[in-house]
1. Considering the dipole of the chain built from charges on the beta carbon (Lys and Arg +1, Asp and Glu -1) around the Cα centre, which of Ala75, Gly15, Ser30 is farthest to its positive end?
2. If you keep only loop residues by DSSP, which chymotrypsin sites (Phe, Trp or Tyr not before Pro) in segment 53-98 have at most 16 other Cβ atoms within 10 Å of their Cβ?
3. Please give the charge dipole size of the chain, origin at the Cα centre, charges +1 on K and R Cβ atoms and -1 on D and E Cβ atoms. Round to the nearest 20 debye.
4. May I ask you to give the solvent-accessible area per residue for the chain, in square angstrom, as obtained with a 1.4 angstrom probe?
5. In segment 16-124, carbon and sulfur make up what percent of the accessible area (probe 1.4 Å)?
6. What distance in nm separates the simple spin-label points at Gln13 and Thr121, each placed 7 Å from Cα in the Cβ direction?
7. Put a dot 7 Å past each Cα toward the Cβ at Thr58 and Val103; how far apart are the dots in nm?
Amino acid sequence: QVQLVESGGGLVQAGGSLRLSCAASGRTFSRYTMGWFRQAPGKEREFVAAISWFGDKTYYADSVKGRFTISRDYAKNTVDLQMNSLKPEDTAVYYCAAVRDTVVAMLPREYDYWGQGTQVTVSS
């Protein structure tokens, strides 16, 4: 079992930055591929970024590539999402997710554990 708690959301102007953090419970954090997803009102949940259990591979949606960076800290059991050059279309609830013993996962249905989400609002 893994419990995930996101933090760091908020309101920011277009062009600004935010850093989201996801704290994971459990002793086997290193065995989990971690992902970030987002869901805007009236839209389906979509993939944002993922990092492999070794931390050696990262994956990004085309819409955030070059602006967002995912990273993980094994000592702290956290995975962060640094978001730069934010755009109004980045506005959504952002979710952290985890799946064990999987090299890469970019679909919501591939993940077993989810956080409660944190709101990110980018004003124009």
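The values are calculated or read from the model by the stated rules, or taken from the named source; none is laboratory data. For clarity, every value in this text was computed on a predicted model and none was experimentally measured. Positions of Cβ are backbone-derived with ideal geometry, glycine not excepted, and every protein chain shown enters the neighbour counts. These area figures cover heavy atoms from the full protein model, side chains too; ligands, DNA and RNA do not enter into them. Shrake-Rupley method; radii C 1.70, N 1.55, O 1.52, S 1.80 Å.
1. Ala75
2. Working: sites: Trp53, Phe54, Tyr59, Tyr60, Phe68, Tyr74, Tyr94, Tyr95; in loops: Trp53, Phe54, Tyr74.
Those that pass, being in a loop and sparsely packed, are Phe54, Tyr74.
3. Values: 14 positive and 12 negative charges, 30 e Å.
Charge dipole, the chain, about its Cα centre: 140 debye, nearest 20.
4. On the way: 6430 Å² over 124 residues.
Accessible area per residue, the chain: 52 Å².
5. On the way: 2700 of 5450 Å².
Answer for segment 16-124 is 50 percent, counting heavy atoms of protein chains only.
6. Going from the Gln13 label point to the Thr121 one covers 1.7 nm.
7. 2.1 nm
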